[in-house]
Amino acid sequence: MSSSFLPPEVTQLTESTSITLAQRIQCQPIATNARPIPTAYLHEGKGGTPILLLHGFDSSVLEFRRLLPQLAPANETWAIDLLGFGFTERIPGITPETIKAHLYACWQSLIDRPVILVGVSMGGAAAIDFSISYPEAVKKLVLIDSAGFAKAPAMQGFWLTPLVYLAAEFLRQPKVRQHAGQKAYYDRKLASSDANLCASLHLKMPNWRQSMVDFTKTGGYGFLADRISEVTQETLILWGDSDKILGTSDAERFQRAIGGSKLIWIEECGHVPHLEKPEITAKHILAFRD
């Protein structure tokens with residue numbers, strides 16, 4: 001594979017969807033207030049309002065290896081590795097604010113048109129935050145098993161850095177990641193060795209641990225719950241009916257909080273409909289774009 005910015009372990013991918021998507025990942029410096037940041041992204045397809053995909057916590061654009069091929073033949077589709085995650089270069093001090101500023105710079109540099117913003121899990125929280133702050137950039141919003149209602153711990157500013165480092169190292173352990181991967185699916189057979197590699201390849205990137213520590217110490221998107229009702233864009237909520245990561249109650253909370261939003265349950269599906277039921281997920285997103 002020619003993507004020299006990816007870890008060499010990328011050659012160990014075995015499933016065709018993973019290999020193909022990895023070969024197509026691009027990296028481009030994106031100008032920010034700090035400095036240009038080499039940013040990993042995917043861009044496939046033509047026509048329609050651009051669809052922009054945002055991955056979940058401690059993940060990468062490889063998360064969309066099954067969904068993007070379902071969307072791109074019918075619509076221009078992007079996926080971007082958020083600042084502090086995936087294969088985008090990591091800088092000190094990752095916070096929700098720096099993630100949002102970097103995403104806006106990406107939108108300006110690469111797309112510069114209103115998008116249909118699709119956020120998965122933590123990416124859903126990032127998408128909500130972005131949609132509220134930059135309504136001119138987001139035409140419609142899609143939330144897939146989204147984070148956003150969890151409150152930050154009251155003592156977040158007093159967390160001891162050594163403890164957070166230990167938590168990051170725990171998260172790095174292969175057995176921990178494998179267990180999390182299995183829990184994310186309704187059909188655990190989909191948590192293959194290739195899926196595990198896709199979910200951990202970005203751990204090989206420089207400064208992975210420091211970024212996890214920096215972001216965790218901020219409390220993440222724990223501030224967002226009281227602002228979700230400020231979303232003004234037409235919103236589609238897709239949710240696996242057997243989500244064992246976030247549960248299912250927040251799906252209806254999002255529907256109540258976002259005026260006029262539509263909730264669709266994905267049957268026999270866990271936390272990752274875009275990986276477990278990509279054809280159905282894509283069908284709903286494409287129907288929503290019109």
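The values are calculated or read from the model by the stated rules, or taken from the named source; none is laboratory data. The shown structure was predicted, so the numbers you read here are calculated from the model rather than taken from an experiment. Note: ideal-geometry Cβ built from the backbone for every residue, glycine included; neighbour counts use all protein chains shown.
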For the range 34-77, which positions are in contact with a Gly (Cβ under 8 Å, 6 or more places away or on another chain), assigned to a loop (DSSP other than H, G, I, E, B) and of a type in the set (Gly, Ala, Ser)? GLY56, SER59, SER60, ALA72, ALA74
Selection status of THR216, crowded, with 18+ Cβ neighbours inside 10 Å and assigned to a helix (DSSP H, G or I): yes
Which is surrounded by fewer than 20 Cβ atoms within 10 Å (Cβ to Cβ), over 18 Å from ASN33 (Cβ atoms) and not hydroxyl-bearing (Ser, Thr, Tyr), of PRO135, PRO50, PRO92? PRO135
When you check TRP265 against the structure, is it surrounded by fewer than 20 Cβ atoms within 10 Å (Cβ to Cβ), of a type in the set (Phe, Trp, Tyr), in contact with a strand residue (DSSP E or B) (Cβ under 7 Å, 6 or more places away or on another chain) and closer than 23 Å to ARG289 by Cα, yes or no? yes
When you scan the range 108-117, how many residues do you find that are crowded, with 24+ Cβ neighbours inside 10 Å and assigned to a helix (DSSP H, G or I)? 0
What residue, of ALA74, ALA101, ALA127, ALA137, is in contact (Cβ under 8 Å) with a residue 24 or more places away in the chain and more than 18 Å from ILE51 (Cβ to Cβ)? ALA101
If you check every pair at least six apart or on different chains, which have Cβ atoms under 6 Å apart with a residue in the range 219-234 that is more than 20 Å from VAL118 (Cβ to Cβ) and without any contact (Cβ under 8 Å) to a residue 60 or more places away in the chain first and a residue that is in a helix (DSSP H, G or I) and not polar (S, T, N, Q) second? SER229/ALA257
Restricting attention to the range 23-47, report how many residues are closer than 18 Å to GLU63 by Cα, touching a residue at least 60 places away in the same chain (Cβ under 8 Å) and among the hydrophobic types (A, V, I, L, M, F, W, C). 2
Tally the residues that are modelled with pLDDT under 95, part of a helix (DSSP H, G or I), of a type in the set (S, T, N, Q) and farther than 13 Å from GLY222 by Cα, restricting the search to the range 118-175. 1
